[in-house]
Amino acid sequence: LIKFDQKEKSTLLGNRKDYWDYFCDCLAKVKGANDGIRFVKSITELRTSLGKGRAFLRYSLVHQRLADTLQQCFMNTKVTSDWYYARSPFLNSKMSSDIVGQLYELTDVQFDLAS
């Protein structure tokens, strides 16, 4: 779902950007929401954007913050519309609110995932 209708982006060196870079753009200035970003950046074994994105999702699930994280991103409509095309459910307020609501139900589930 996070990759659905995502715009193709790449770095100056030609490396493909992924949802990890979207999270970084959205959450860089949000106080308290960037703990996961700092954690993932500290893992030196992760080299690709996709790998960092997966690690960030695992971190968010383990710390029961995935719904909060995505809600913060969806509220940043400027960055979200820069990263996603118009068909994305993230740009539709009803759909994004439904997604966040479903993710909040995951907070009752304890995840034990290796980072």
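Just so it is clear, none of the values below were taken in a lab; they were calculated from the coordinates. Because the structure is predicted, anything quoted here is derived from the model rather than measured. Note: ideal-geometry Cβ built from the backbone for every residue, glycine included; neighbour counts use all protein chains shown.
Rg to Rh ratio, the stretch 9-105, alpha-carbon atoms and Kirkwood radius? The partial results should precede the final answer.
Details: Rg = 13.3 Å, Rh = 13.9 Å.
The Rg/Rh ratio comes out at 0.96.
Just grab the label-to-label distance for H63 and N92, each label 7 Å out from Cα along the Cβ direction, in nm (one decimal).
Here the modelled spin labels are 3.1 nm apart.
Count the lysine pairs in the chain whose Cα atoms lie under 13 Å apart, taking only pairs 8 or more positions apart in sequence or on different chains. The partial results should precede the final answer.
Numbers: K3/K17; K7/K17; K9/K17; K17/K52; K41/K52.
Value for the chain: 5.
Just to be sure I understand the model, the point goes 7 Å from the Cα along the line to the Cβ. What's the resulting A28 to V109 distance in nm?
3.2
Along the charge dipole of the chain, Cβ charges K/R +1 and D/E -1, which of H63, T48, I2 sits furthest on the positive end?
Result: T48, furthest along the dipole toward the positive end.
5 Å is the cut-off here: which amide hydrogens, built 1.01 Å from N in the peptide plane, fall below it relative to Q64, excluding neighbours closer than 5 in sequence?
For Q64, no residues qualify.
Only Cα pairs under 8 Å and at least 6 apart count here; give the relative contact order of the chain as a rounded whole percent. It would help to have the intermediate numbers written out before the result.
Values: 112 pairs, mean separation 34.4, N = 115.
So the answer I get is 30 percent.
Nearest 20 debye, what's the magnitude of the dipole of the stretch 9-105 about its Cα centre given +1 on Lys and Arg Cβ and -1 on Asp and Glu Cβ? Don't skip to the end; give the middle numbers.
Working: 15 positive and 9 negative charges, 54 e Å.
With Lys and Arg at +1 and Asp and Glu at -1, about 260 debye.
Please identify, among A33, A55, A86, the residue showing maximal mean-square fluctuation in a Gaussian network model of the chain using a 10 angstrom Cα cutoff.
A86
Does the stretch 53-101 classify as rounded, prolate or oblate by the C-alpha gyration tensor (a ≥ b ≥ c root eigenvalues; a/c under 1.5 gives rounded; else a/b over b/c gives prolate, otherwise oblate)? Spell out each step's value before the answer.
Numbers: a/c = 2.31, a/b = 1.63, b/c = 1.42.
Since a/c reaches 1.5 and a/b is larger than b/c, the shape of the stretch 53-101 is classed as prolate.
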